[in-house]
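The values are calculated or read from the model by the stated rules, or taken from the named source; none is laboratory data. Only a predicted model underlies this, so the values are computations on that prediction, with no experimental measurement involved. As a convention, Cβ positions derive from the backbone with ideal geometry for all residues, glycine included, and neighbour counts pool all protein chains shown.
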Amino acid sequence: MTKLKVAIIGCGNIFPMHAGSIVSRNDAELVAVCDVKKERVDEKASVYNCAAYTDYLEMLKKETIDVIHICLPHHLHAPVTLEAAERKIHILTEKPMSIHYDDAVEMVEVAKENEVTLGVIFQNRYNPGSQLIKSMLDNGELGVIKSGKLSVTWDRSDEYYLRSDWKGTWEKEGGGVVIDQAIHTMDLMRWFVGDEIKYVDASISNRAHEIIEVEDAAEGVIAYKNGVITAFHAINYYSYDAPVEIELHCEKGFAKMVADRATVRLHDGSEFIADNNPNETFHYENGVKGYWGVSHVKQINNFYESLINGVPLDITGEEALKTQEMICAVYESGKKRERVNF
């Protein structure tokens with residue numbers, strides 16, 4: 001069997017989810033890893049018995065690569081995607097697609113022009129709770145959505161930001177609690193509603209951090225063309241990472257997600273529950289908790305099944321672009337202090 005030759009650019013915290021998923025497949029081979037920090041990339045290359053690079057352009061020039069995984073700071077997602085696409089390399093990038101909406105649009109266009117696949121990681125869509133709610137919305141069991149709300153209250157201290165050379169900046173992270181922490185939950189809400197956005201009306205502020213430029217608090221409304229209005233509240237100055245919450249008030253009942261657990265209660269008295277299976281684990285490198293990234297594995301497998309067997313790609317660049325546009329609209333509205341109409 002001819003294996004796809006794969007490289008990962010970026011060897012930070014999310015790296016093991018990608019590396020473990022790749023090496024678990026018999027149709028993909030991790031041939032190279034890249035990171036600007038030589039000690040870190042050398043350690044990963046030793047673990048996975050592959051080549052190490054500190055310059056991704058050198059890696060792309062020297063190695064024969066079919067697929068790259070981008071696990072880099074946010075501001076680098078777009079330029080690396082464009083470089084890879086021009087070289088006819090398929091791309092799977094971590095969220096967010098980019099910092100700026102125009103860059104995300106260009107990523108989609110260039111990938112299409114070069115006939116390469118572009119996927120974007122939003123792994124929480126694969127959680128059992130997310131799948132239950134989405135399926136009951138799609139098959140009509142919940143009826144139409146009347147309204148929705150979500151809450152993300154996490155802890156990202158000044159010490160957390162001091163450990164990074166890019167987080168907490170508009171130039172490199174592109175924002176704070178919205179684009180980094182709340183984006184997954186906001187993506188889920190948009191996916192559940194499943195309609196085009198009518199307007200975004202949001203406020204953003206930095207209320208509890210001393211050393212960052214970006215927002216640590218955000219709240220607002222995202223209204224959809226089908227009449228659904230959803231509210232969001234996100235902070236990252238809480239004392240711990242509280243479970244995220246989503247609630248949907250629907251025509252035939254309520255759907256509520258707390259962390260990954262979803263409970264659907266219909267007006268007829270029936271109840272449905274879905275949660276992560278504690279026996280559904282995945283072995284990564286030493287020191288990485290086995291239950292981390294199970295949904296990463298599912299999305300990465302879908303990406304490779306799309307490349308190799310032609311199955312539909314669940315989260316395409318075009319699909320992720322809708323969430324990118326929403327996130328950028330939150331920032332535009334928050335900075336201008338006015339509603340952004342679509």
When every residue in the stretch 153-188 that is hydroxyl-bearing (Ser, Thr, Tyr) and outside any loop (DSSP other than H, G, I, E, B) is compared, the one nearest to Glu210 (Cα to Cα) is Tyr161
Within the stretch 273-288, restricting to residues that are surrounded by fewer than 17 Cβ atoms within 10 Å (Cβ to Cβ) and more than 30 Å from Val47 (Cα to Cα), the one that is modelled with the highest pLDDT is Ile273
Residue hits (the stretch 224-246; assigned to a strand (DSSP E or B) and buried (at least 19 other Cβ atoms within 10 Å of the Cβ)) are Tyr224, Thr230, Phe232, Ala234, Ile235, Ile246
Test for Trp191: is it in contact (Cβ under 8 Å) with a residue 12 or more places away in the chain, aromatic (Phe, Trp, Tyr) and not in a helix (DSSP H, G or I): no
Checked Tyr331, Tyr291 against criteria (modelled with pLDDT under 95 and either outside any helix (DSSP H, G or I) or more than 21 Å from Phe15 (Cα to Cα) (or both)); the one match is Tyr291
Of the residues in the stretch 292-339, those that are among the aliphatic types (A, V, I, L, M) and within 12 Å of Leu92 (Cβ to Cβ) come to Ile300, Leu307, Leu313, Ile315, Ala320
Could we say that Val120 is within 20 Å of Gln299 (Cα to Cα) and either surrounded by 21 or more Cβ atoms within 10 Å (Cβ to Cβ) or modelled with pLDDT of 95 or more (or both) here?
-> yes
Listed by range, strands (runs of 3 or more DSSP E) wholly within the stretch 28-85 having at least 3 residues that are more than 28 Å from Asp102 (Cα to Cα) are 28-34, 51-53
Counted residues in the stretch 119-152 being assigned to a strand (DSSP E or B) and of a type in the set (Asp, Glu) come to 0
Counting only residues that are surrounded by fewer than 16 Cβ atoms within 10 Å (Cβ to Cβ), under 15 Å from Gly148 (Cβ atoms) and out of contact with any Lys or Arg (no Cβ under 6 Å at 6 or more places or on another chain), the stretch 180-207 contains a total of 1
The residue from Asp35, Asp42 that alone is closer than 25 Å to Trp166 by Cβ and free of Cβ contacts under 8 Å to residues at least 12 places away in the same chain is Asp42
Here the residues within the stretch 215-241 that are out of contact with any helix residue (DSSP H, G or I) (no Cβ under 8 Å at 6 or more places or on another chain) and either within 14 Å of Val152 (Cβ to Cβ) or among the hydrophobic types (A, V, I, L, M, F, W, C) (or both) are Glu219, Val221, Ala223, Ile229, Ala231, His233, Tyr237, Tyr238, Tyr240, Asp241
Across the stretch 33-47, the tally of residues that are under 15 Å from Val23 (Cα atoms) and touching a helix residue (DSSP H, G or I) at 6+ places or on another chain (Cβ under 6 Å) stands at 1
Taking the stretch 85-110 and keeping residues surrounded by fewer than 24 Cβ atoms within 10 Å (Cβ to Cβ) and of a type in the set (A, V, I, L, M, F, W, C) leaves Ile89, Val105, Val108, Val110
Restricted to the stretch 44-84 and to residues being acidic (Asp, Glu) and out of contact with any Lys or Arg (no Cβ under 8 Å at 6 or more places or on another chain), the residue surrounded by the most Cβ atoms within 10 Å (Cβ to Cβ) is Glu83
Within the stretch 70-91, residues being touching a Gly at 6+ places or on another chain (Cβ under 9 Å) and more than 20 Å from Val36 (Cβ to Cβ) number 1
Within the stretch 134-154, residues being under 19 Å from the mean Cα position of the chain (by Cα), of a type outside the set (Val, Ile, Thr) and either more than 18 Å from Ile121 (Cβ to Cβ) or modelled with pLDDT under 95 (or both) number 3
Notebook entry, point to check: Quick check: is even one residue across the stretch 163-171 within 23 Å of Phe342 (Cα to Cα) and without any contact (Cβ under 8 Å) to a residue 12 or more places away in the chain?
Noted result: no
